[in-house]
1. So for 184, 164, fewest C-beta neighbours within 10 Å to most, what's the order?
2. Taking only C-alpha pairs under 8 Å that are 6+ residues apart, what is the relative contact order of segment 1-59 in percent?
3. Return the whole-Å distance between the Cα centroid of segment 162-179 and the Cα centroid of segment 110-140.
4. When all C-alpha to C-alpha distances in segment 47-92 are sorted into bins of 10 Å, what percent of pairs does each bin hold, rounded to whole numbers?
5. For residue 67 and residue 5, compute 0.36 nm times the residue count separating them, minus their Cα-Cα distance, and round to one decimal in nm.
6. Please rank 149, 103, fewest neighbouring Cβ atoms within 10 Å first, as an exposure proxy.
7. On full extension of the chain, what length is gained from residue 170 through residue 81, given 0.36 nm per residue of separation minus the C-alpha to C-alpha distance?
8. What area, in nm² and to one decimal, does the C-alpha convex hull of the chain cast on average over all directions?
Ligand code: ADP
Ligand code: MG
């Protein structure tokens with residue numbers, strides 16, 4: 001089927017309403033490709049430039065597959081910087097405007113850990129974090145990844161450039177094997193393809209050449 005609007009994507013009414021409030025009229029090319037694949041449980045290794053709408057591409061299917069009654073982290077997004085954590089969390093918050101039962105928490109270093117621990121205790125469904133601080137919470141047992149069914153490595157090439165590979169691999173060892181793994185990156189160099197081979201299951205390679213918003 002050709003997808004021309006968000007209503008062709010089998011999304012729930014609260015998400016469709018939020019998208020409409022956000023002024024998103026139609027899915028971007030990466031969203032058209034990625035959302036149906038992710039809703040069907042497929043892994044993706046996606047290459048697309050900045051500004052092509054990758055956040056919503058993985059955020060929407062993750063939200064739709066979240067169980068609000070399960071008070072545990074079910075979606076884990078790893079990204080390289082505090083600024084990105086905040087930006088991604090803000091996009092989730094807009095998408096969740098009519099789903100106040102789902103809680104999102106950005107977790108990054110340089111911010112007091114106590115507040116993060118308090119929030120985690122109150123119940124977080126979707127966690128967006130930088131690798132170092134996520135590992136810190138795992139070590140303190142203030143974050144459990146045993147209910148995570150979707151892991152996203154966002155800006156994967158940048159994370160590897162910053163030396164996060166060992167942290168990422170360590171974090172992935174705490175996530176159940178029965179999960180979906182998504183990699184988004186501006187480029188797909190060899191180390192990323194290695195991570196893809198090691199941690200993804202039969203991934204669909206999705207490439208968007210140019211920014212076409
Ligand atoms: P990327 O992660 O690929 O760099 P983002 O997910 O940050 O891109 O999206 C870039 C901008 O485009 C954001 O401001 C986002 O809210 C907006 N955007 C995303 N999808 C759409 C859409 N379908 N229609 C209009 N704007 C969109
Ligand atoms: Mg992005």
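FYI, it's all coordinate maths here, none of it is from the lab. Computed from a prediction, not measured in an experiment: that's the story for all the values here. Note: ideal-geometry Cβ built from the backbone for every residue, glycine included; neighbour counts use all protein chains shown.
1. With the sparsest Cβ surroundings first, the list reads 164, 184.
2. On the way: 38 pairs, mean separation 19.4, N = 59.
After rounding, I find 33 percent.
3. 16 Å
4. 22, 54, 21, 3
5. Details: separation 62, 0.36 × 62 = 22.32 nm, distance 2.54 nm.
Here the segment from residue 67 to residue 5 would lengthen by 19.8 nm.
6. Values: 149 18, 103 21.
Fewest-to-most ranking of 149, 103: 149, 103.
7. On the way: separation 89, 0.36 × 89 = 32.04 nm, distance 1.82 nm.
Computed gain between residue 170 and residue 81 is 30.2 nm.
8. Numbers: hull surface 43.9 nm².
Averaged projected area of the chain's Cα convex hull equals 11.0 nm².
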